[in-house]
């Protein structure tokens, strides 16, 4: 059985409609008009134990709403939801012992007290035994370099330091699932890298299941083995990153830089791969071959071009994951 | 159930000690708070003294000693309430509109408990000294004799009074889950609290009904005070005070639970 089961999950919000200006404000006191917004509609997926899933979509796509339903903060309008054998919102207090949550936008630690005191308090809140607590804290301390910041109140920490502390706080009770909502937002390159390594490591070592929302697609690429793309509250894609690449890899390009200009015509005829390669010559010293990854062997393209033309440099281009996601967002669907 | 209560009590003590520690870090701030608190209390004392400058003054059959005693007692539940429930005022703004309530819901603890524990106004407790002084003075005037059994009853009554306020304000704070931007109900209720400081019999019937059955502020100070003043006609009411406290908290907590179910979080 899957660790997380989501079936036809929907969440509607009713938003008070107000006409602009003072007149509108006064009118709204008397006559209230509500508008229903479908933040999440008919979302279904399953996640198995130990998976590391990226949950992405443009702003306002319904990611956070979904995460909030999964973590028991919001009650779904309709649909079925089960995580770690709990219905999150119904058995909130038992359920939350089994999960860890990190919001990049907002700390979960107590603002005014030193980090270590926050951790000690959490130990009591989650009833972690002294032994487990000490062992985990020691390990995390080393992994995330926390030694100098443990005695500092949270409000005095930099964003990167705070984020590391939040990560530790979410893992102290050894949760089965870790929800990360934009954990790297606003961090510098080093900070991002450190967090990425930490997540990879604890996923490997503790087998904790992770769901990660982010706008940093590099992060998704390096961390996740599965990607769920949502927009307008619906799932656009659910599958591996490799699969997405294959779908969009139509244009894998090989660009040949020539040492002397190519013959004006006819040279392509010998290089006919049954029409599955598209040839372009942007300038006399450049030839560009575009083709689908699965139908043409790139090595064959290269070797046949080398036979006919004098090549002095080759670049292979694959569409960046950013471009692919950008295309999906703007088209509102995934290519079939 | 028992396990859960035990956990909450232990954590309550822990939260409180952590909170005190942070307050002690800002010693100057704390001292200033205590001094202004004391000054504020002295001002109300002067006000009361002006009111009762004439020895012979009576209101509705209650003499100066009675009124002072009730007033003195009322300071206990009121300031305990101000000390331990100040965060109820922030439920709409800080927790619901700003979305901090998300964080509360992610912890395996009662949500109301967490909010109450996140802010404690220790300075309010300084007022208890003034309350005690007024009561000491008033009991001398009424020639009351205090005995040992009064102490536990006194504590029970003061805490019950705090819980009556707590329950009523929790109910109102729960409305923020539906209308987070309206704290309009809080202000009139704060004013209503003043009625609790006087003998209920001086008000008209309508107000008496409200103060006993709807917003039971009469049980906060007046009825308990009659018990210590030996006004036997109100003993049954005085004994009902802990019951009223329980009912008030139950109503508050039920409204809270309903409200939490209605919580819609914020955009991001």
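The values are calculated or read from the model by the stated rules, or taken from the named source; none is laboratory data. Please read these numbers as outputs of a predicted model, since none were measured by experiment. Quick reminder, even Gly has a Cβ in these numbers, built from the backbone with ideal geometry, and neighbours come from all protein chains shown.
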Hey, does the stretch A:111-125 have a residue that's within 11 Å of chain B (Cβ to nearest Cβ), surrounded by 20 or more Cβ atoms within 10 Å (Cβ to Cβ) and part of a strand (DSSP E or B)?
-> yes
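For the stretch A:86-97, enumerate the residues that are more than 9 Å from chain B (Cβ to nearest Cβ) and surrounded by fewer than 20 Cβ atoms within 10 Å (Cβ to Cβ). Give the steps one after another, and end with the answer.
First, the residues of the stretch A:86-97 that are more than 9 Å from chain B (Cβ to nearest Cβ): A:86-88, A:90-91.
Once the filter is applied, which keeps residues that are more than 9 Å from chain B (Cβ to nearest Cβ) and surrounded by fewer than 20 Cβ atoms within 10 Å (Cβ to Cβ), the stretch A:86-97 yields A:86, A:87, A:90, A:91.
Condition first: closer than 30 Å to residue A:205 by Cβ and within 12 Å of chain B (Cβ to nearest Cβ). Now tell me which residues in the stretch A:28-65 satisfy that. If you could, list the steps in order and put the result at the bottom.
Taking the stretch A:28-65 and keeping what is closer than 30 Å to residue A:205 by Cβ, we get A:45-57, A:63-64.
Of everything in the stretch A:28-65, those that are closer than 30 Å to residue A:205 by Cβ and within 12 Å of chain B (Cβ to nearest Cβ) turn out to be A:63, A:64.
Scan the stretch A:285-295 and tell me whether some residue there is modelled with pLDDT under 75 and in contact with a strand residue (DSSP E or B) (Cβ under 6 Å, 6 or more places away or on another chain).
We begin by selecting, within the stretch A:285-295, every residue modelled with pLDDT under 75; these are A:293-294.
Among the residues that remain, those that are also in contact with a strand residue (DSSP E or B) (Cβ under 6 Å, 6 or more places away or on another chain) are: A:293.
Yes, because at least one residue in the stretch A:285-295 is modelled with pLDDT under 75 and in contact with a strand residue (DSSP E or B) (Cβ under 6 Å, 6 or more places away or on another chain).
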Enumerate the helices (runs of 4 or more DSSP H) found wholly within the stretch A:5-102, keeping only those where 1 or more residues are farther than 30 Å from residue A:239 by Cβ.
-> A:21-30, A:92-95
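Given the structure, is residue A:193 within 30 Å of residue A:245 (Cα to Cα), free of Cβ contacts under 8 Å to residues at least 24 places away in the same chain and more than 14 Å from chain B (Cβ to nearest Cβ)? Break it down into steps so the answer makes sense when it comes.
Working: within 30 Å of residue A:245 (Cα to Cα): yes; free of Cβ contacts under 8 Å to residues at least 24 places away in the same chain: yes; more than 14 Å from chain B (Cβ to nearest Cβ): yes.
Spelling it out, residue A:193 is indeed within 30 Å of residue A:245 (Cα to Cα), free of Cβ contacts under 8 Å to residues at least 24 places away in the same chain and more than 14 Å from chain B (Cβ to nearest Cβ).
Is it true that residue B:77 is more than 14 Å from every other protein chain (Cβ to nearest Cβ) and crowded, with 18+ Cβ neighbours inside 10 Å? Let's see the steps before the verdict.
On the way: more than 14 Å from every other protein chain (Cβ to nearest Cβ): yes; crowded, with 18+ Cβ neighbours inside 10 Å: yes.
Taking the combined requirement at face value, the residue satisfies it.
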For residues that are closer than 16 Å to residue B:114 by Cα and out of contact with any helix residue (DSSP H, G or I) (no Cβ under 6 Å at 6 or more places or on another chain), tally how many sit in the stretch A:102-118.
-> 1
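Pick out the one residue from B:69, B:40 that is more than 14 Å from chain A (Cβ to nearest Cβ), assigned to a helix (DSSP H, G or I) and touching a helix residue (DSSP H, G or I) at 6+ places or on another chain (Cβ under 6 Å). First the steps, then the outcome.
On the way: B:40 fails: touching a helix residue (DSSP H, G or I) at 6+ places or on another chain (Cβ under 6 Å).
When all the criteria are applied, what remains is B:69.
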Tell me, yes or no, whether the stretch A:138-153 has at least one residue that is within 14 Å of chain B (Cβ to nearest Cβ), surrounded by fewer than 17 Cβ atoms within 10 Å (Cβ to Cβ), in contact (Cβ under 8 Å) with a residue 40 or more places away in the chain and touching a strand residue (DSSP E or B) at 6+ places or on another chain (Cβ under 8 Å).
-> no
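For the stretch B:152-268, please list each of the helices (runs of 4 or more DSSP H) lying entirely inside it that holds at least 3 residues being more than 14 Å from chain A (Cβ to nearest Cβ) and in contact (Cβ under 8 Å) with a residue 40 or more places away in the chain. First the steps, then the outcome.
On the way: elements: B:186-192, B:205-209, B:222-229, B:235-262.
The helices (runs of 4 or more DSSP H) meeting that bar are B:222-229, B:235-262.
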Scan of the stretch B:102-141 for residues that are closer than 30 Å to residue B:3 by Cβ and without any contact (Cβ under 8 Å) to a residue 12 or more places away in the chain, ordered by number | B:103, B:104, B:106, B:107, B:108, B:114
